[in-house]
């Protein structure tokens, strides 16, 4: 019997979080809204708050509790996912390695990747951009601001989301930290 990861599925307009085994109980894709997003965070409260904020913007949201479960979920849904929002520090597979693995795999060139973090250390931010993150945001912005930034990110073509300069990836714009999550 194959082992399945536990993921939580959220759909726009649905107030109930459903725990399902993946991939047997695959949620259906909503035909309206901005499409499907995945939120990966080991903090259950942050995961739910980010999922709720993204749902309020019209996303169908799937969640995973760590990088390994998030990678498995993305692997099963890659052609239907437009956005990945992941924490940087998680057990099993951290955000840096998750982003690096996704970008190295190929086939996800249109996938927007947003990394949220509680730390504001330039070294980690540089690593995340080098790994292929499109946007790195402080969790202190709060879930609503993160959802707005993710939605705005999707409106830009992938090629303009980030740029490489002298071998170092840099964001195409910065968003300041303000409120708390």
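Of the strands (runs of 3 or more DSSP E) contained entirely in the range 24-124, those carrying at least 3 residues that are free of Cβ contacts under 8 Å to residues at least 40 places away in the same chain fall at 112-117.
Within the range 135-160, residues that are farther than 18 Å from residue 38 by Cβ have Cβ atoms under 6 Å from residues that are modelled with pLDDT of 95 or more and crowded, with 17+ Cβ neighbours inside 10 Å in these pairs: 144/53, counting only partners at least 6 apart in sequence or on another chain.
Taken over the range 66-90, the criterion of being over 19 Å from residue 136 (Cα atoms) and over 12 Å from the mean Cα position of the chain (by Cα) is satisfied by 68, 69, 72, 75, 76, 77, 78, 79, 80. Taking residue 9 and the conditions (1) modelled with pLDDT under 50; (2) assigned to a strand (DSSP E or B); (3) surrounded by fewer than 18 Cβ atoms within 10 Å (Cβ to Cβ), which numbered condition does it fall short on, given that it satisfies the others? Status for residue 9: all satisfied but (3). All of (1) modelled with pLDDT of 90 or more; (2) not in a loop (DSSP other than H, G, I, E, B) hold for residue 163 with one exception: (1).
The values are calculated or read from the model by the stated rules, or taken from the named source; none is laboratory data. Keep in mind the model is a prediction, meaning the values are calculated, not measured. In this analysis, Cβ positions are derived from the backbone assuming ideal geometry, glycine residues included, and neighbour counts consider all displayed protein chains.
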